[in-house]
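Novice: I have a structure I would like to understand better, so I am pasting it below and will then ask my questions one at a time.
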Amino acid sequence: MNVVNWFEIPVEDMQRAKQFYSNILAKELSDMPGMPGMEMAAFPWETDAPFAAGALVKVEGLEPSPNSITVYFHSNDLSVELGKIEENGGKILDPKTSIGEHGFIAHFLDTEGNRIGLYSQN
């Protein structure tokens, strides 16, 4: 079992961030209840499926940052998502880069200023 169970990506503008990730990943995010004073939008997940689940979160005290933990989204071919980043308000930081036998990675800034990674085998 992988040790990561859940992740949260801080945002300043929930609607802008939801639209960005929906466009990039071609997946709809679902609003979900959080603690008082918190807005959350979950990425799609399936119980007992591989990989970790997570959400966007807007709450006082959490700020987007390009200098913190990097979450990597799985892709069949990360070139597809990379092709959507800049037209949706993000910025590509590192293009598709080989990591040898382990596949490929890339990094981008989302609309909120978070550094996010993409990973694919191809």
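None of the figures in this text is laboratory data; all of them are computed from the coordinates on show. Fair warning: this is a prediction, and the values are worked out from it, not measured in the lab. Note that each Cβ is placed from the backbone with ideal geometry, even for glycine, and that neighbours are counted across all protein chains shown.
Novice: Kindly work out what percent of the DSSP beta bridges joining two residues of the chain are antiparallel, to the nearest 5.
Specialist: On the way: 18 of 27 bridges.
Beta bridges within the chain, antiparallel portion: roughly 65 percent.
Novice: Does a label point 7 Å from the Cα of Asn88, set along Cα-to-beta-carbon, have any residues of segment 1-35 with amide nitrogen under 14 Å, and which are they?
Specialist: Residues passing the 14 Å test: 15-30.
Novice: Mind checking the angle between helix 14-25 and the chain's longest principal axis? C-alpha axes, 0 to 90 degrees, to the nearest 10.
Specialist: Between helix and principal axis, roughly 20 degrees.
Novice: Here's another thing I want to ask about it. Using the Karplus curve 6.51 cos²θ - 1.76 cosθ + 1.60 with θ = phi - 60°, work out ³J(HN,Hα) for each residue of segment 41-57 in order, rounded to whole Hz, and write x for Gly and Pro.
Specialist: Per residue, the Karplus-derived 3J(HN,Hα) values read 9, 8, 6, x, 8, 10, 4, 6, 7, x, 6, 8, 9, x, 8, 7, 9 Hz.
Novice: After finding the eigenvalues of the alpha carbon gyration tensor for the chain, what semi-axes result from the square roots of 5 times each, listed largest first in whole Å?
Specialist: Numbers: eigenvalues 105, 59, 35 Å².
Gyration-tensor ellipsoid for the chain: 23, 17, 13 Å.
Novice: Restricting to Cα pairs below 8 Å that are 6+ residues apart, what does the relative contact order work out to for the chain? Please round to a whole percent. Please list the in-between numbers first.
Specialist: Values: 236 pairs, mean separation 32.1, N = 122.
Value for the chain: 26 percent.
Novice: What does the convex hull of the Cα atoms of segment 60-122 come to per residue, in Å³, rounded to a whole number? Don't skip to the answer; put the middle values down first.
Specialist: Details: hull volume 5.1 nm³, N = 63.
Spelled out: Cα convex hull of segment 60-122, divided by residues, is 81 Å³.
Novice: Using only DSSP helix segments of four residues or longer, with each worth -39500 (n - 2.57), what per-residue ellipticity at 222 nm results for the chain after dividing by its residue count and rounding to 500?
Specialist: Numbers: 2 runs with 20 residues, N = 122.
Calculated at 222 nm, the ellipticity per residue is -5000 deg cm²/dmol.
Novice: Can you compute 3J(HN,Hα) from phi for each residue in segment 106-122, using the Karplus curve 6.51 cos²θ - 1.76 cosθ + 1.60 with θ = phi - 60°, rounded to whole Hz and x for Gly and Pro?
Specialist: Couplings: 8, 10, 8, 9, 7, 5, 9, x, 8, 7, 10, x, 10, 9, 8, 6, 10 Hz.
Novice: From the backbone phi of segment 60-70, what are the Karplus-calculated ³J(HN,Hα) couplings (6.51 cos²θ - 1.76 cosθ + 1.60, θ = phi - 60°) in whole Hz, Gly and Pro given as x?
Specialist: In residue order, the calculated couplings are 4, x, 9, 10, x, 7, x, 10, 9, 5, 10 Hz.
Novice: Per 0.36 nm of contour for each residue apart, how much would the distance between Ala53 and His74 grow if the chain were fully extended, relative to their Cα-Cα spacing?
Specialist: On the way: separation 21, 0.36 × 21 = 7.56 nm, distance 1.16 nm.
Extra length from Ala53 to His74 when fully extended: 6.4 nm.
Novice: Set the Förster distance to 41 Å, then compute FRET efficiency between Met32 and His102 from the Cβ-Cβ distance, nearest 0.05. All intermediate terms of the calculation are to be shown ahead of the outcome.
Specialist: Numbers: r = 32 Å, r/R0 = 0.79.
After rounding, the FRET efficiency stands at 0.80.
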